[in-house]
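The values are calculated or read from the model by the stated rules, or taken from the named source; none is laboratory data. Nothing here was measured: the structure is a model prediction, and the numbers come from that model. Positions of Cβ are generated from backbone atoms using ideal geometry, with glycine treated the same way; all protein chains shown enter the neighbour counts. Each accessible area value is taken on the protein alone, full model and side chains, heavy atoms only, with ligands, DNA and RNA left out. Shrake-Rupley method; radii C 1.70, N 1.55, O 1.52, S 1.80 Å.
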Amino acid sequence: MTDPHFPITPAPGAGDVLVVVDVQHDFLPGGALGVSDGDRIIPPLNRVIDRFLQAGLPIFFSRDWHPPDHCSFREQGGPWPPHCIRGTWGAAFAENLHVPDGAVIISKGTQKDEEQYSTLFGHDAEGRTLARRLEDLPVRRVFIGGLATDYCVLNTVRDAAKMGFRLWVMTDAVAAVDIQPGDGARALDEMVRNGAVLITSGEPAS
Ligand code: VGL
Ligand code: ZN
């Protein structure tokens with residue numbers, strides 16, 4: 001049955017998991033690697049987060065968490081300006097993102113010599129990978145939103161699809177860097193070819 005307050009059908013329930021990718025200052029407007037309209041994703045993402053919290057369903061928050069000399073930085077020969085340096089303001093989650101107390105945080109790109117766009121092999125505080133944590137759950141669907149569509153969201157979807165998970169990507173809850181115009185749209189196409197379902201989180205009925 002359709003829930004008038006939540007347009008995702010069927011509404012999140014047992015077996016559904018939410019992965020919120022890298023909603024950090026440095027990927028938002030004003031940040032070191034700011035996605036121009038990145039902050040439009042926060043209200044829809046918060047509605048989905050609240051819904052998962054209400055239902056007691058698992059939510060994982062990933063973060064890019066680089067050492068100051070990470071290999072992806074231009075000074076080290078990488079493609080990016082320094083961003084998401086662990087412990088800095090730029091690496092913190094957006095203030096208005098609904099990160100609950102005790103949220104499970106998955107840190108990635110923590111090793112100087114390793115780029116990690118995919119969140120699946122980032123680690124929680126106990127050193128378990130997100131892949132391992134998902135394998136330990138009875139997962140029906142993995143909902144995903146966050147930044148950036150053409151990098152960390154895409155690579156997470158690729159890896160999760162390889163693991164056999166069914167991915168539901170919320171298009172109003174992702175935004176792309178779009179270094180080449182169309183990168184975000186091409187990334188969404190590739191996700192669909194990997195079996196992902198594109199949905200919008202939608203507006204709650206008034
Ligand atoms: C990301 C570029 C560099 C991302 C991380 O989270 O999509 N993009 N590092
Ligand atoms: Zn990075």
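When F143, F165 are checked against the criterion of being within 15 Å of the chain's Cα centre (by Cα) and more than 16 Å from ligand 2 (Cβ to nearest atom), F143 stands alone in meeting it. Y151 falls short on exactly one of the conditions (1) hydroxyl-bearing (S, T, Y); (2) open to solvent by less than 20 Å² (accessible area, probe 1.4 Å); (3) part of a helix (DSSP H, G or I), and that condition is (2). Across region 84-121, the qualifying residues are those that are of a type in the set (S, T, N, Q) and over 21 Å from L18 (Cβ atoms), and the one among them that is surrounded by the fewest Cβ atoms within 10 Å (Cβ to Cβ) is Q111.
Would you say G184 is surrounded by 14 or more Cβ atoms within 10 Å (Cβ to Cβ) and over 12 Å from the mean Cα position of the chain (by Cα)? Judged against the criteria, G184 is a match. Contact annotation: no residue pair with Cβ atoms under 6 Å, 6 or more positions apart or on different chains, pairs a residue in region 39-55 that is at positive phi with a partner that is assigned to a helix (DSSP H, G or I) and among the polar types (S, T, N, Q). Here T156 does not qualify as at pLDDT 95 or above, within 16 Å of ligand 2 (Cβ to nearest atom), surrounded by 14 or more Cβ atoms within 10 Å (Cβ to Cβ) and in a loop (DSSP other than H, G, I, E, B).
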